[in-house]
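Quick notes on the structure that follows.
FYI, it's all coordinate maths here, none of it is from the lab. The shown structure was predicted, so the numbers you read here are calculated from the model rather than taken from an experiment. Quick reminder, even Gly has a Cβ in these numbers, built from the backbone with ideal geometry, and neighbours come from all protein chains shown.
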Amino acid sequence: MANLGSLDLKLVLSFANAYRRLNEKGEISDQQLKEVMKLVENYQSFAPDEFKKRLHEIFPKSDF
């Protein structure tokens, strides 16, 4: 199970870094980045569909 936790951490870090890069490029706002980071920090609290719904609330013009 330790490998699963390590994989989880790697996925979360990759996800967070991807959104940071989008922010650095000016493709998402600072507010959107802040909201995504809060969502990522608490990802275990959400079922996949709820996580997707929250992302859509942050990025309403995106199709996830």
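Of note:
- Over 20 Å [Cα-Cα, the chain], rounded percent: 27 percent
- Label positions at Lys10 and Glu50, each projected 7 Å from the Cα along the C-beta direction, are separated by 2.8 nm.
- Highest-first arrangement of 29-41, 48-60, where packing means the average Cβ count within 10 Å: 29-41, 48-60
- Computed from Cα positions, the angle between helix 48-58 and the longest principal axis of the chain comes to roughly 20 degrees.
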